[in-house]
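Just below is one structure, and these are the notes that go with it.
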Amino acid sequence: MSLSEIELTVLKVMCSRNLYGGKHIRMEKIMRSGFRSDLRGEVKDAIYSLIKKGFILYAKRSKDAIQLNKEKSNEIQQLIYQNIQS
């Protein structure tokens, strides 16, 4: 599966914070973590795209909070590793 550069960066940020299972983060906080302010719209679109692809899930408590899909953790790790290698 091919992901854009911003989608991969979002996955890297969330993976580095270990946001699997019960841990979650608000979308706004991800949009502000290391991205330029003019890219926030693209980051938001990337997050929604990753939700549609099943890599990110909404947290149970809030629609504003997201977490990584722990069932796809191996696939996420492989995508990040492949991106580092190339």
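The values are calculated or read from the model by the stated rules, or taken from the named source; none is laboratory data. Model, not experiment: these values are computed from the prediction. For neighbour counting, all protein chains shown are included, and Cβ atoms are generated from backbone atoms with ideal geometry for every residue, glycine included.
Restricting segment 28-41 to residues that are touching a residue at least 24 places away in the same chain (Cβ under 8 Å) and surrounded by fewer than 19 Cβ atoms within 10 Å (Cβ to Cβ) leaves a set whose member that is farthest from Ser73 (Cα to Cα) is Leu39.
In segment 23-39, the condition of being at pLDDT below 95, touching a helix residue (DSSP H, G or I) at 6+ places or on another chain (Cβ under 8 Å) and among the acidic types (Asp, Glu) is met by no residue.
Of all the criteria given as (1) out of contact with any Phe, Trp or Tyr (no Cβ under 9 Å at 6 or more places or on another chain); (2) surrounded by fewer than 14 Cβ atoms within 10 Å (Cβ to Cβ), the one not satisfied by Asp64 is (1). When segment 46-55 is limited to residues that are in a helix (DSSP H, G or I) and either touching a residue at least 24 places away in the same chain (Cβ under 8 Å) or aromatic (Phe, Trp, Tyr) (or both), the one that is nearest to Ile25 (Cα to Cα) turns out to be Ile47. Every condition in (1) surrounded by 13 or more Cβ atoms within 10 Å (Cβ to Cβ); (2) not basic (Lys, Arg); (3) not in a strand (DSSP E or B) holds for Ser2 except the one numbered (1).
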